Amino acid sequence: MKTPPRAFSLTLPLVVTTPAGADDLTVRGGAAQVVGLADHAALALDDAAAVGAEVADRAPAGAALVAVPAQHGPAAFAERLGPVCGFLLTAPGHPTVYISGDNSEVAVVEAIVDRYGQVDAAVLFAGAARIPAIDAPLTLTAADARAAALVLGARRVVGLHVDQWTHFSEGRDALESEFAGLESPAGGPLLAATPTGSRTEVSL
């Protein structure tokens, strides 16, 4: 995590990340309660002892956050790039939301669907991030984001991680072009319009 977002995260009531990420953040201090989840571990969001009263009081009964695998670029570089994860946000009677994290591989998404089933909404980190030392995307390309969305069976997709950083090799225009013509069963385009700096309500 870059320095400004790391500092911001430590002002929040709760930060959930990988165990290694939690170790790094904890030593830096801050007001946040930091929880590290291994792949497939779940955190009860309505449990004040686990997440703090500020989060638990807002969570629906039975709400949980499940850490799921993610692969940040080619497997050969996993140790160098460090561990990453995605999440499933679930609650009885509420939509299931998948958050990809810095995952670059559709095969990882397929394995998640095989284990947990399809989802209602997907938040996909795209942008095809690249660095000079590694000749491969470190996050989803626009084409792979489309493929992942279809595998997930999502009724709506939110595309993130496509602008404001120089290491993105594809911008929002590439993502919008790839999703052009894909309609949601809930009505309207599958890819939600999410203007920067504006609050967006996403219908499912």
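Nothing in this text is a laboratory measurement; each read-out follows from the coordinates by a stated rule. Every value quoted in this text rests on a predicted model; they were computed, and no experiment measured them. Reconstructed Cβ throughout: ideal geometry from the backbone, glycine too, with neighbour counts over all protein chains shown.
Annotations
- Residues that are within 22 Å of ALA7 (Cα to Cα), buried (at least 18 other Cβ atoms within 10 Å of the Cβ), in contact (Cβ under 8 Å) with a residue 12 or more places away in the chain and out of contact with any His (no Cβ under 6 Å at 6 or more places or on another chain) do occur in the stretch 46-67.
- When residues of the stretch 152-199 are limited to those that are farther than 26 Å from ARG130 by Cα and of a type in the set (Ser, Thr, Tyr), the one surrounded by the fewest Cβ atoms within 10 Å (Cβ to Cβ): SER198
- Comparison of ALA154, ALA91, ALA145 shows that the only residue that is closer than 16 Å to HIS72 by Cβ and of a type outside the set (Ser, Thr, Tyr) is ALA145.
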